[in-house]
Amino acid sequence: MNSPVTIIGAGLGGLVLARVLHVNGIPSRVYEADPAPAAREQGGLLDIHDHNGQLALRAAGLMDEFRAVVVPGRQTMRVLGQDGTVLMDKADDGTGGRPEVMRGDLRQLLLDSLPPGTVRWDHKADGVRALGNGRHEVTFAGGCTVATGLLVGADGAWSRVRPLLCDATPGYAGTSFVETYLFEADTRHPAAAKAVGGGSMIAPSPGKEIFAHREIGATLHTYVHLTRERDWFAAVDFTDPAAAAARIAQEFDGWAPELISLITDADTAPVLRPHYALPAGLRWDRVPGVTLVGDAAHLRAPNGEGANLAMLDGAELGKALAGHPGDTEAALAEYEEAMFLRPIQEVTFEGFEVRATDSEGNPAQVLLDMINEQGR
Ligand SMILES: Cc1cc2nc3c(=O)[nH]c(=O)nc-3n(C[C@H](O)[C@H](O)[C@H](O)COP(=O)(O)OP(=O)(O)OC[C@H]3O[C@@H](n4cnc5c(N)ncnc54)[C@H](O)[C@@H]3O)c2cc1C
């Protein structure tokens, strides 16, 4: 392949693809909407699994770099009851298969692994069109265009490339996160810090859960997970942080104060993050010269797998292209068949390793079922 592969989106999926192509001697250009690498906060800890995300990093030849950014001790996992009772506490002995890294560190190590100039920042794809014979043209905000023989949409949930393949669009998944942070928690919020422990903590209940991570230092990053319709959240005034926190906390009436304080004592305004998903089992007929990786192809409500699968998609596509020199269509067909067949969600929730056939993959429900089965 002589002309560069055109990748839209410099998220984890697109960057792993660019890197695996690079180690196989295939040039690529990644066009990213963000104006600069640090333009946007990249989010918190991600656990990178030995059976998907780490396989991708291995294919990218970046395992040493990955190990260097792992945050020690953060695989510690505990499950708490609503009254704060510790139901399960699994220490991080350093041998677990899901080390935690800051998403920004992972993205940066991938960026650093690419030849200078591979990523074209400030290139938001606005439109795409077929030119015939498997070629496509991308138009960027500002008007410049690029024509390509291989276009890969790694541009996430609201992909501009996806319409070339199918007409599916994400719909509200019925759940949302409300996100909060507590800083210097060991000294400023000791009860909450003790409840979360050294890694991750989940307090599950049907239709709602509180999940928190200890990030770098003593920052507690909490995701309150609620199964509610959009209208319900629309009635919460998120422009008034204290009132919003109080309203969300009301859903956990009677729960242990140290759990509720993760919401009401937050040092940041609560942020609503609605979850969207593409139809489960989405697939399309082969369209010459174009494909998708990651959320663009199979967006799900967060279940601990999305980033891992995006990276694996990128690596598998890179390997398929390297394995079929001169036959892009064979590579894309091979890649897509395997990608479509990864629908069985591997709901791998920290200390648990659960293979669920439920394509919605609701970790809280899986967790509850397990706890109930254990007679707790
Ligand atoms: C709150 C939350 C928590 C999560 N936690 C986890 C977790 O713990 N573990 C896990 O595995 N997954 C997690 N996920 C899911 C994970 O974030 C996604 O599945 C993953 O980021 C998908 O990677 P991607 O590369 O496909 O897309 P993205 O990460 O969305 O990257 C897409 C890139 O494309 C760029 N882009 C978008 N549109 C355009 C355009 N038109 N032109 C050019 N560039 C464009 C974007 O700026 C972005 O850089 C979580 C998701 C959320 C919302």
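On the basis of being of a type in the set (S, T, N, Q) and in contact with a strand residue (DSSP E or B) (Cβ under 8 Å, 6 or more places away or on another chain), does Gln54 make the cut? Spell out how you get there, then give the answer.
Numbers: of a type in the set (S, T, N, Q): yes; in contact with a strand residue (DSSP E or B) (Cβ under 8 Å, 6 or more places away or on another chain): no.
For Gln54, the condition - of a type in the set (S, T, N, Q) and in contact with a strand residue (DSSP E or B) (Cβ under 8 Å, 6 or more places away or on another chain) - is not met.
Return yes when Arg273 is within 11 Å of the ligand (Cβ to nearest atom), outside any loop (DSSP other than H, G, I, E, B) and among the charged types (D, E, K, R) and no when it is not.
Values: within 11 Å of the ligand (Cβ to nearest atom): yes; outside any loop (DSSP other than H, G, I, E, B): yes; among the charged types (D, E, K, R): yes.
So Arg273 fits the description; yes.
Considering only residues of the range 315-366 that are among the β-branched types (Val, Ile, Thr), surrounded by fewer than 18 Cβ atoms within 10 Å (Cβ to Cβ) and in a loop (DSSP other than H, G, I, E, B), which is modelled with the highest pLDDT? Steps first, please.
Taking the range 315-366 first, the residues among the β-branched types (Val, Ile, Thr) are 328, 344, 347-348, 354, 357, 366.
Now drop any that are not surrounded by fewer than 18 Cβ atoms within 10 Å (Cβ to Cβ), which leaves 344, 354, 357.
Then keep just the ones that are in a loop (DSSP other than H, G, I, E, B); that gives 344, 357.
Numbers: Ile344: 55, Thr357: 33.
Per the stated criteria, the residue is Ile344.
Restricting the search to the range 197-213, which residues are assigned to a strand (DSSP E or B) and in contact with a strand residue (DSSP E or B) (Cβ under 6 Å, 6 or more places away or on another chain)? Give the steps one after another, and end with the answer.
Start the filter on the range 197-213 by keeping residues that are assigned to a strand (DSSP E or B), which leaves 200-205, 208-213.
Within the range 197-213, Ser200, Met201, Ile202, Ala203, Lys208, Glu209, Ile210, Phe211, Ala212, His213 qualify.
Within the range 215-242, take every residue that is within 16 Å of the ligand (Cβ to nearest atom) and of a type in the set (Ser, Thr, Tyr) and give me the one that is least open to solvent (accessible area, probe 1.4 Å).
Thr222
If a residue must be exposed (fewer than 14 other Cβ atoms within 10 Å of the Cβ) and over 23 Å from the mean Cα position of the chain (by Cα), how many such residues does the range 265-285 contain?
Final tally of qualifying residues: 1.
I'd like to check which strands (runs of 3 or more DSSP E) are fully inside the range 1-112 and have at least 2 residues that are open to solvent by less than 20 Å² (accessible area, probe 1.4 Å) and more than 13 Å from the ligand (Cβ to nearest atom). Show your work before the answer.
Numbers: elements: 5-8, 28-31, 45-47, 77-80, 86-90, 100-102.
Ranges flagged: 77-80.
Of the conditions (1) more than 30 Å from Arg129 (Cα to Cα); (2) in contact with a strand residue (DSSP E or B) (Cβ under 6 Å, 6 or more places away or on another chain); (3) touching a residue at least 24 places away in the same chain (Cβ under 8 Å), Arg228 fails just one. Which one is it?
(2)
If you go through the range 195-203 one residue at a time, do you hit one that is over 23 Å from the mean Cα position of the chain (by Cα) and farther than 21 Å from Ile48 by Cβ? Reasoning before the result, please.
To start, the set of residues in the range 195-203 that are over 23 Å from the mean Cα position of the chain (by Cα) comprises 195, 197.
After this cut, where a residue has to be farther than 21 Å from Ile48 by Cβ as well, the list is 195.
Yes: one or more hits.
In the range 278-297, which residues are within 25 Å of Arg129 (Cα to Cα) and either modelled with pLDDT under 95 or away from the ligand (no atom under 11 Å from the Cβ) (or both)? Explain how you work it out, then say what you get.
Start the filter on the range 278-297 by keeping residues that are within 25 Å of Arg129 (Cα to Cα), which leaves 278-279, 282-297.
Listed by number, the residues that qualify are Leu278, Pro279, Leu282, Arg283, Trp284, Asp285, Arg286, Val287, Pro288, Gly289, Val290, Thr291.
Just the residues that are more than 8 Å from the ligand (Cβ to nearest atom), under 17 Å from Ala280 (Cβ atoms) and not in a loop (DSSP other than H, G, I, E, B), please, taken from the range 298-314.
His298
Within the set of pairs 6+ apart or on separate chains, which have a first residue in the range 51-62 that is at positive phi, a second that is surrounded by fewer than 21 Cβ atoms within 10 Å (Cβ to Cβ) and in a helix (DSSP H, G or I), and C-beta atoms under 6 Å apart?
As it stands, the answer is Gly61/Val23, since those pairs meet every condition given.
Suppose the filter is at negative phi, in a helix (DSSP H, G or I), surrounded by 21 or more Cβ atoms within 10 Å (Cβ to Cβ) and more than 16 Å from the ligand (Cβ to nearest atom); does Ala245 pass it? Give the steps one after another, and end with the answer.
Details: at negative phi: yes; in a helix (DSSP H, G or I): yes; surrounded by 21 or more Cβ atoms within 10 Å (Cβ to Cβ): yes; more than 16 Å from the ligand (Cβ to nearest atom): yes.
Yes; evaluated as a whole, the condition is true for this residue.
Inside the range 141-185, can you point out the residues that are surrounded by 19 or more Cβ atoms within 10 Å (Cβ to Cβ), within 10 Å of the ligand (Cβ to nearest atom) and not in a loop (DSSP other than H, G, I, E, B)?
Gly153, Ser176, Phe177
The values are calculated or read from the model by the stated rules, or taken from the named source; none is laboratory data. Please read these numbers as outputs of a predicted model, since none were measured by experiment. Counting neighbours? That spans all protein chains shown, and the Cβs are built from the backbone with ideal geometry, glycine included. The protein model used for the area step is the full one, side chains on, heavy atoms only, and it has no ligands, DNA or RNA in it. Shrake-Rupley method; radii C 1.70, N 1.55, O 1.52, S 1.80 Å.
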